[in-house]
Protein chains: 2
Amino acid sequence: MTSRVETWCNILHDFPAYARRDPAPRRLEIAAGGRTTDVRPQLTLELFRQANSADRAEVPIPDDVLELYSMYRPTPLIRAKAFEQALGTKSRIYVKFEGQNAAGSHKLNSAIAQAYYFKKAGVERIVTGTGAGQWGAAISWACGRAGLGATVFMVGVSYRQKPLRPVMMRVYGGEVHESPSEVTEVGRAGRIKDPQRIGSLSIANGEAIEIARSVAGARFAVGSGENHVLLHQTIIGQEAVNQMEEIGDYPNVVTACVGAGSNFAGISFPFIRNSRKSGRNVRIIAAEPVACPKLTRGLYAYDMSDASSTTPYVRMMTLGRDVSVPGIHAGGLRYHGTSPLLSAMYQDGLFEARSFPQRKVFETAVLFARSTGMIVAPESAHALAAAADAAREATTPISVLANVSGHGLLDLSSYDAYLNSEIDDGLPDEANIARSLTLLRQRNEQLEEAI
Amino acid sequence: MTSRVETWCNILHDFPAYARRDPAPRRLEIAAGGRTTDVRPQLTLELFRQANSADRAEVPIPDDVLELYSMYRPTPLIRAKAFEQALGTKSRIYVKFEGQNAAGSHKLNSAIAQAYYFKKAGVERIVTGTGAGQWGAAISWACGRAGLGATVFMVGVSYRQKPLRPVMMRVYGGEVHESPSEVTEVGRAGRIKDPQRIGSLSIANGEAIEIARSVAGARFAVGSGENHVLLHQTIIGQEAVNQMEEIGDYPNVVTACVGAGSNFAGISFPFIRNSRKSGRNVRIIAAEPVACPKLTRGLYAYDMSDASSTTPYVRMMTLGRDVSVPGIHAGGLRYHGTSPLLSAMYQDGLFEARSFPQRKVFETAVLFARSTGMIVAPESAHALAAAADAAREATTPISVLANVSGHGLLDLSSYDAYLNSEIDDGLPDEANIARSLTLLRQRNEQLEEAI
């Protein structure tokens, strides 16, 4: 099958400007009081190179990683005819499905790669934060398989909404904490500020960083947002480009949901490269929830990825790290910012973004389940909602490809809530968003003055 | 791919004696008071023929069924090397995996076929009973897709142990009742006898039959046990024979779990046919829980498949329809009897049976999950336990093929209970089994005298 690929697509090669290190964050930190903390030393040298080098267009995937990929890759790319009919569109809707593996989502693509590189570097345990738990499940299995320990901090609201996901991590041998937890300072402080323990990925990551720093042989890892993670996910788009070319129906539109950006980058980078090379125009649409509209309503500003302020400043599309996001069921999309690389690309108009209310997302997901049988994760359902809109809005039939990042079998309680009309649209607290954006703007003005 | 097949394997052609209708049940019924009820008229003519005809060795699968099969078939057959290593065996263990489809189990193979034949015959709604809910999910989706209604009675203990499975049925448009329910006479009587509402497949089926008889356009359907269902499932073994031949490592042992027998028949019939033709000896092992040992400890006797005594007498391996089975997590294996066809074959020594305690089953399942990433249904884990034993007991390395009938993602709460040591071996109540077998023996003596 030609859809089997053996390299990742390094988009930094196509846009080397994005690979140049922004000197501002370090200067900002010094100006702000000389803080020298940085999580980058947590990365192994090879992962650091992957995150920063524009040298190679195609990065070879190590054989050991390819062997584990072959357990579930190439993943299927199917045409969802019954879904098209249910929508009443003449456009063709294709779905790339990443949910058919052990961990249930695309996250396994980077988990396997990271476990491989960390193990090779002599690391003994990976500590991480997870939102809805897809990353936590993936890293738990990948670590167990590689002979590494895994400690996972899972965002509280998702931990309780999806109780089977922490069980899955434990079946795979992972150690799981509901975040904010009692086992870290960051967690204990978080519990005071957030008595309902809704939590956030920034707090969960803050807890993970604290543990990674205090335990010998442990390293902090992330499941999205950083360039090396985005790189690993491009296996999705590499396959999809081939698969669409085999089918002979190159997409006019590609959609994916955006949390910190890894599945979105995974499907879109190879299409962005391919359209530049081939001159074929592909519209790329990032789908986000109205609850957390960092692309459609956020600022391109300096911010931190964690609430504990241990991570370095990065410039990204963000609502501000102190924003309070409603506890929607698409827990993986509740992160306040998004990947700095994607943010820069968004600023440059390389893709569009749209936001969707929660009930419309579930309505689409149920329609999709009844027609195709596939129960998708609430996060992934955003990509379907975007695809459905693109298909229906087209004046002449077009070809649309949606990336379905994971299955939703452990999210069925969310579907239950939707079927019982116990779900709202997840509209954000406008006053909270306004406050957070104002604070973010002020901080950025002060920081820029300080340089 | 040569593993794609277009026919079902009709084992009745190989053993025509099994196709001859046993005249005793009808005589028994008349002797017992002239009862003339019979569920067979619930079948369409084509399904009835499939259940009774020895004419054709290979039954062509209709195009519309093949088209839906192509959404997930051929299913993967993989070698579980990491599992072999974890077990410390030099034998080769292969797994045929039926869990990678919408409904999550092999049950979809017959659900699609039955929905097709019922729809073609003008039926409007299918009413059915389901144990652990794999069949209920499959028939809900298949009916929705075919434009049929689906009403499902789900065994109470499983309904509560696996709360996401009824949600899945509802997402697919099915109507689900916890059995024993309030909506039928059988259910109301069941609630009095069984105040904890553990339920059983025989009660659930009894409820379904009652509704099917009273609602116009509705028909009763079953997900296992009957010959036409077993026939539809042979797609599994048809593919597996081809896949093992492609690999070039024909199995010495084939294992599968046995409830009413459909996944077991599905994998084993084509291997039984093939060994007779090719002279290659394949040991076939049926795995059952110690909680419900109908093959290893039951009688070959006349019994009914439902507690409400509306189904006809059939001769089968059974513990007696009044036996009380512990509420083990492998709900699909709690049925008191098994397929009459399989029972006759078992009597004739065409396969072996072994029983497994619940904790050993989960121990195997966790080992399998950590090594392969696949979280399997507790039912299917019995096949893995049998495969592991066969591999380890072999004095020289052999090739073992286990049929994994479904995934266990909606059974993760059972895994949780196991990891928290809140699970026992599911040992049966010996006094209850003895009483049930005595009653069964007495009834059979009376019936035989009456003929």
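Some notes on this structure:
- Residue pairs whose Cβ atoms lie under 9 Å apart, sitting 6 or more positions apart in sequence or on different chains, and linking a residue in region A:51-74 that is within 13 Å of A:ASP14 (Cα to Cα) to a partner that is basic (Lys, Arg) and crowded, with 17+ Cβ neighbours inside 10 Å, are A:ALA57/A:ARG273.
- Taking the criterion of being touching a strand residue (DSSP E or B) at 6+ places or on another chain (Cβ under 6 Å) and over 25 Å from A:LEU401 (Cβ atoms), the residues of region A:285-300 that qualify are A:GLY298, A:TYR300.
- Taken over region A:373-391, the criterion of being touching a His at 6+ places or on another chain (Cβ under 9 Å) and within 14 Å of chain B (Cβ to nearest Cβ) is satisfied by A:MET374, A:ILE375, A:VAL376, A:ALA377, A:PRO378.
- Residue in region B:187-204 that is among the basic types (Lys, Arg), in contact with a helix residue (DSSP H, G or I) (Cβ under 6 Å, 6 or more places away or on another chain) and open to solvent by less than 10 Å² (accessible area, probe 1.4 Å) present: no
- Whichever residue in region A:86-98 is out of contact with any helix residue (DSSP H, G or I) (no Cβ under 7 Å at 6 or more places or on another chain) and within 13 Å of another protein chain (Cβ to nearest Cβ) and, among such residues, is farthest from A:ARG145 (Cα to Cα): A:VAL95
- Matching residues, region B:422-451, being among the polar types (S, T, N, Q) and in contact with a Phe, Trp or Tyr (Cβ under 7 Å, 6 or more places away or on another chain): B:ASN444
- B:ALA256 vs. criteria under 17 Å from the mean Cα position of the chain (by Cα), farther than 27 Å from B:SER53 by Cα, open to solvent by less than 10 Å² (accessible area, probe 1.4 Å) and of a type in the set (A, V, I, L, M): no
- Test: residue in region B:344-363 that is surrounded by fewer than 20 Cβ atoms within 10 Å (Cβ to Cβ) and within 14 Å of chain A (Cβ to nearest Cβ): yes
- Filter pass, A:TYR72 being of a type outside the set (A, V, I, L, M, F, W, C) and open to solvent by less than 20 Å² (accessible area, probe 1.4 Å): no
- Taken over region A:421-446, the residue count meeting the criterion of being within 14 Å of chain B (Cβ to nearest Cβ) and open to solvent by 80 Å² or more (accessible area, probe 1.4 Å) is 2.
- Whenever a residue of region B:203-217 is assigned to a helix (DSSP H, G or I), its partners that are open to solvent by 60 Å² or more (accessible area, probe 1.4 Å), lying with C-beta atoms within less than 8 angstrom and at least six residues away or across chains, give the pairs B:GLU207/B:VAL183; B:GLU210/B:GLU185; B:ILE211/B:VAL183; B:ALA212/B:ARG219.
- Taking the criterion of being within 14 Å of chain A (Cβ to nearest Cβ) and of a type in the set (Ser, Thr, Tyr), the residues of region B:137-167 that qualify are B:SER140, B:TYR159.
A quick yes/no check of all residues on (1) open to solvent by 10 Å² or more (accessible area, probe 1.4 Å); (2) in contact with a Lys or Arg (Cβ under 7 Å, 6 or more places away or on another chain):
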{"position": "B:SER224", "(1), (2)": "yes, no"}
{"position": "B:ASN252", "(1), (2)": "yes, yes"}
{"position": "B:ILE285", "(1), (2)": "no, yes"}
{"position": "B:TYR300", "(1), (2)": "yes, yes"}
{"position": "B:LEU319", "(1), (2)": "no, yes"}
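- Flag for A:TYR335 being part of a helix (DSSP H, G or I) and in contact (Cβ under 8 Å) with a residue 24 or more places away in the chain: no
- Residue within region A:258-273 that is modelled with pLDDT of 95 or more, in contact with a His (Cβ under 8 Å, 6 or more places away or on another chain), of a type in the set (S, T, N, Q) and assigned to a helix (DSSP H, G or I) present: yes
- Note on region B:45-69: residues that are assigned to a helix (DSSP H, G or I) and either under 20 Å from the mean Cα position of the chain (by Cα) or surrounded by fewer than 18 Cβ atoms within 10 Å (Cβ to Cβ) (or both) amount to 13.
- Considering the conditions (1) out of contact with any Asp or Glu (no Cβ under 9 Å at 6 or more places or on another chain); (2) within 13 Å of A:GLY223 (Cα to Cα), A:VAL157 is excluded by exactly one of them, (2).
- Scanning region A:122-136 for any residue that is within 14 Å of another protein chain (Cβ to nearest Cβ), open to solvent by 20 Å² or more (accessible area, probe 1.4 Å), modelled with pLDDT of 95 or more and within 30 Å of B:PRO76 (Cα to Cα) turns up nothing.
- The combined condition, being without any contact (Cβ under 8 Å) to a residue 60 or more places away in the chain, surrounded by 21 or more Cβ atoms within 10 Å (Cβ to Cβ) and out of contact with any His (no Cβ under 9 Å at 6 or more places or on another chain), is fulfilled by B:GLY156.
- Single residue of A:THR438, A:THR372 found to be at pLDDT below 95 and more than 24 Å from A:ARG160 (Cβ to Cβ): A:THR372
- Any hit, region A:93-112, residues being under 21 Å from the mean Cα position of the chain (by Cα) and on the phi > 0 side of the Ramachandran plot: yes
- Residue satisfying condition, being within 14 Å of chain B (Cβ to nearest Cβ), at pLDDT 95 or above and crowded, with 18+ Cβ neighbours inside 10 Å, within set A:ALA102, A:ALA111: A:ALA111
- Candidates in region B:382-420 are the residues that are in contact (Cβ under 8 Å) with a residue 40 or more places away in the chain and β-branched (Val, Ile, Thr); of these, the one that is most open to solvent (accessible area, probe 1.4 Å) is B:ILE398.
- Residue, farthest from the other protein chains (Cβ to nearest Cβ), within region B:168-182, restricted to residues that are aliphatic (A, V, I, L, M) and over 19 Å from the mean Cα position of the chain (by Cα): B:VAL176
- In the set (1) under 19 Å from B:PHE48 (Cβ atoms); (2) open to solvent by less than 10 Å² (accessible area, probe 1.4 Å); (3) in contact (Cβ under 8 Å) with a residue 40 or more places away in the chain; (4) not basic (Lys, Arg), the condition left unmet by B:TYR116 is number (2).
The values are calculated or read from the model by the stated rules, or taken from the named source; none is laboratory data. From a predicted model like this one, the values you see are computed outputs, not experimental measurements. Heads up, the Cβs are rebuilt from the backbone with ideal geometry, glycines too, and the neighbour counts pull from every protein chain shown. Ligands, DNA and RNA are stripped out before the accessible areas are found, and what is left, the full protein with its side chains, is counted by its heavy atoms. Shrake-Rupley method; radii C 1.70, N 1.55, O 1.52, S 1.80 Å.
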